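Chemist: Here you go, one structure.
The values are calculated or read from the model by the stated rules, or taken from the named source; none is laboratory data. Note that the structure is predicted; figures quoted are calculated from it, not measured. Backbone-built Cβ (ideal geometry, glycine too); neighbour counts: all protein chains shown. Only protein heavy atoms, including side chains, enter the accessible area calculation; ligands, DNA and RNA are left aside. Shrake-Rupley method; radii C 1.70, N 1.55, O 1.52, S 1.80 Å.
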Amino acid sequence: MLREKIITAINEVGFDEYQEITSAEIIFADAVFASCKANTCGNYGQNYSCPPLSGDMDENKARFLKYDHAIILNKIMFLGEYYEQMETSTLAVLALLDQLRDKLENEPVMIAGPGGCNLCAECSAKTGEDCRFPDERRYSLEGSGMDIVTMSRKLGMTYNGGDKKVGFFMMVLY
């Protein structure tokens, strides 16, 4: 019943692809987790849902592996001729993710997506304060050490859609 409710919500919100897996099939890679230290997204040490504040690799794995099932979702977005629509595309994907969270609000699921937690306008980690909503944190797939590129290829999902299109990945765990 929960599985069907999740799939219905995924379809209603309008994601392009999804694949069901067991949580044991999630691919974690130390190299992905370690790449966060390069701080390419700007969240390293600035967001409670990203390294190093989200915990070490084992803690991040445990957070996801306590669930038995996962559904990987994808929304394919056009980034513009010179990637000028990256920010707009990211915000659109995060809005879809919020719609999915609203639809599954009262269900025993965890929903993770791209980037760090965006629950607050500015994460309290930036000011050294405690997290305002520790039980509602939104975790990053890559920031948790997931190798999305390898998983998407293994599952036949679109990572690079060509012609400036890219897949944004999210996951519902239950």
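Chemist: Do any chymotrypsin sites (Phe, Trp or Tyr not before Pro) in the stretch 69-138 lie in a loop, going by DSSP, with at most 10 other beta-carbon atoms within 10 Å of their beta carbon, and if so which?
Modeler: Working: sites: Phe78, Tyr82, Tyr83; in loops: Tyr82, Tyr83.
Answer by residue number: Tyr82.
Chemist: Based on DSSP, what percent of beta bridges with both residues in the chain are antiparallel, to the nearest 5?
Modeler: On the way: 21 of 22 bridges.
Antiparallel bridges: around 95 percent, rounded to the nearest 5.
Chemist: In the stretch 67-174, which GluC sites (Glu not before Pro) fall in coil by DSSP and have 16 or fewer other Cβ atoms within 10 Å? Intermediate results must be reported in sequence, preceding the final value.
Modeler: Details: sites: Glu81, Glu84, Glu87, Glu105, Glu122, Glu129, Glu136, Glu142; in loops: Glu81, Glu84, Glu105, Glu122, Glu129.
Answer by residue number: Glu81, Glu84, Glu105, Glu122, Glu129.
Chemist: Hey, with R₀ at 25 Å, roughly what FRET efficiency would Arg153 and Thr22 work out to, going by the Cβ-Cβ distance, to 0.05? The partial results should precede the final answer.
Modeler: Numbers: r = 18 Å, r/R0 = 0.73.
E between Arg153 and Thr22, to the nearest 0.05, is 0.85.
Chemist: Which ³J(HN,Hα) values in Hz, rounded to whole numbers, follow from the phi angles of the stretch 148-162 under the Karplus curve 6.51 cos²θ - 1.76 cosθ + 1.60, where θ = phi - 60° and Gly and Pro get x?
Modeler: With coefficients 6.51, -1.76 and 1.60, one gets 5, 4, 5, 5, 5, 5, 4, 8, x, 9, 7, 9, 10, x, x Hz.
Chemist: Computing the accessible area with a 1.4 Å probe over protein heavy atoms, can you report the carbon and sulfur percentage for the chain? If you can, show how the numbers build up before the last one.
Modeler: Working: 4460 of 9280 Å².
Carbon plus sulfur share of accessible area: 48 percent.
Chemist: A follow-up question, please. Grab the beta carbon distance between Ala38 and Asp135, set R0 = 25 Å, and tell me the FRET efficiency rounded to 0.05. Spell out each step's value before the answer.
Modeler: Numbers: r = 30 Å, r/R0 = 1.18.
Calculated transfer efficiency: 0.25.
Chemist: Need the C-alpha centroid separation for the stretch 138-161 versus the stretch 54-107, integer Å.
Modeler: Cα centres, the stretch 138-161 to the stretch 54-107: 10 Å.
Chemist: Which of the lysines could be linked to Lys126 by a straight reach, that is with a Cα gap under 22 Å, when you skip same-chain ones fewer than 8 residues away?
Modeler: Cross-link targets: Lys37.
Chemist: Give me the three principal axis extents of the stretch 84-156 from the C-alpha atoms, as integers in angstrom, largest value leading.
Modeler: So the extents along the principal axes, rounded to whole Å, are 41, 34, 24.
Chemist: Per residue, how many Å² of accessible area does the stretch 39-174 show with a 1.4 Å probe?
Modeler: On the way: 7060 Å² over 136 residues.
Value for the stretch 39-174: 52 Å² per residue.
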